[in-house]
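Take a look at the structure below.
The values are calculated or read from the model by the stated rules, or taken from the named source; none is laboratory data. Predicted, not measured: the structure shown is a model, and the values here were computed from it. As a convention, Cβ positions derive from the backbone with ideal geometry for all residues, glycine included, and neighbour counts pool all protein chains shown. In case anyone asks, the SASA skips ligands and DNA or RNA and just uses the protein heavy atoms, side chains included. Shrake-Rupley method; radii C 1.70, N 1.55, O 1.52, S 1.80 Å.
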Amino acid sequence: MSENKRYFGELLAEFFAVAIIILFGDGVAAMYSLYDPSPYKTAYWGVCIVWGLSVTVAIYATGAVSGTHANPAVTLSLALFRGFSWKKVVPYMGAQVLGGLAGAALVYSLYVPVIDHYNAAHGLTRALDGGSAGVFFTHPGDFITVSHAFWDEAVLTGILVFGIFAVTCQYNTQAPQANSGALIIGLLVAIIGASAGYLEAWAINPARDFGPRLFCFFAGWGQAAIPAPSNYWWVPIAAPMVGGPIGAAIYQYGVRPYMPRVSVMATERSSEALNTAEPVLVVSNPSVPASTGPVIDKVS
């Protein structure tokens, strides 16, 4: 396979990964918010599980091609701390946002009659009231200001990326083995939603929010989507891009150096004047093309 074809496949995989996440995630959001009585109003954990399993399915479907970053904050963190190619960062992010847009368009095609009925029944419009917007993109919950929402999203994304780095660290002997890491990462997403989802719908992923938001801007929601009330649209983009790398750094410098194998390597190399307090970047299988397996599994 040529390098260009492999690279195109990676971008396509990132596109499909986010589209899968949005298809199931926004789908369950529609089930939660558009029906009365909602099958999830007294079973919110079900919403969290669906979002989490959508991530798991996306990883199983595309991980062997691109590594399933499926999140610009993850892509940036991998470039900063695990050797992911910087030249791929912006294209990966672009593919992820387009995947979010496509996933939202598919959900819209399924639910548009229900959306229109819900808005008519409640006297809402898309552009003026943002009717049914919560199906597609996030907004602050009760008592949450825009500035506080930034803090929330930064912290929650930091937790997400910290967890991803821990689960995929090749030196972590307590991490799930074989392909079960995808399930644990999905459960991590579900746990974050279950413990903090009502703050502002736990975007923790710029592509998950901005892709659907961009679709809705052109599908009748207009200013209710961008710039959104209180000019909120930028928060689910910027906050995860700040919090994700911070979470990655905390793991990379606060936990990883003390993994048994890393400690042994640092001791063995101390004679070469390496700073043993710093983690040693180890790239396994450096001759194997990145498309043969998840980047996050190869670089630790």
Springs between alpha-carbon atoms under 10 Å, Gaussian network over the chain: tell me which of Arg261, Arg126, Arg208 tops the mean-square fluctuations. Arg261
With a sphere of radius 13 Å drawn around the Cβ of Leu156, what net charge do the other residues whose Cβ falls strictly inside it have (Lys, Arg +1; Asp, Glu -1)? -3
Rg(Cα)/(2.2 N^0.38 Å) for segment 47-201, N = residue count: 1.18
Take the chain, connect every pair of alpha-carbon atoms lying under 10 Å apart with a spring to form a Gaussian network, then pick out the residue of Pro140, Pro229, Pro206 with the largest mean-square fluctuation. Pro229
Theoretical gain in end-to-end length, Asp142 to Tyr253 [0.36 nm per residue, Cα-Cα removed]: 36.4 nm
With unit charges on the beta carbon (Lys/Arg positive, Asp/Glu negative), name the residue among Ala190, Gly134, Gly244 whose Cα is farthest towards the positive pole of the charge dipole of the chain. Gly244
So how far apart, in nm, are the two label points at Ala64 and Ser2 if each is 7 Å from Cα heading toward Cβ? 2.4
Rounded to the nearest 500, what is the chain's calculated 222 nm mean residue ellipticity when only DSSP H runs of at least 4 contribute -39500 (n - 2.57) each, over all residues? -21500 deg cm²/dmol
Folded to 0 to 90 degrees: helix 235-254 orientation relative to the chain principal axis, Cα: 20
Taking the chain as the reference, fit the longest principal axis to its C-alpha atoms, fit the long axis of helix 3-34 to the helix C-alpha atoms, and give the angle between the two in degrees, 0 to 90, nearest 10. 40
What list of ³J(HN,Hα) couplings, whole Hz, do you get for segment 99-109 from phi and the Karplus terms 6.51, -1.76, 1.60, once you set θ to phi - 60° and write x for glycine and proline? x, x, 5, 5, x, 5, 4, 5, 4, 4, 5
Starting at 0 and stepping by 10 Å, how many percent of the alpha carbon pairs of segment 119-222 end up in each bin? 13, 35, 29, 16, 5, 1
Rounded to the nearest 10 Å², the accessible area of His122 at probe 1.4 Å: 110
What base-10 log of the normalised intensity I(q)/I(0) is obtained for the chain from the Debye formula, alpha carbons as equal point scatterers, at q = 0.08, 0.10, 0.11, 0.16 Å⁻¹? -0.36, -0.54, -0.65, -1.26
So if R0 is 25 Å, what FRET efficiency would Gln174 and Lys87 give, r being the distance between their Cβ atoms, rounded to the nearest 0.05? 0.15
Helix 181-200: inclination vs the chain longest Cα principal axis, degrees, rounded to 10, gives 50
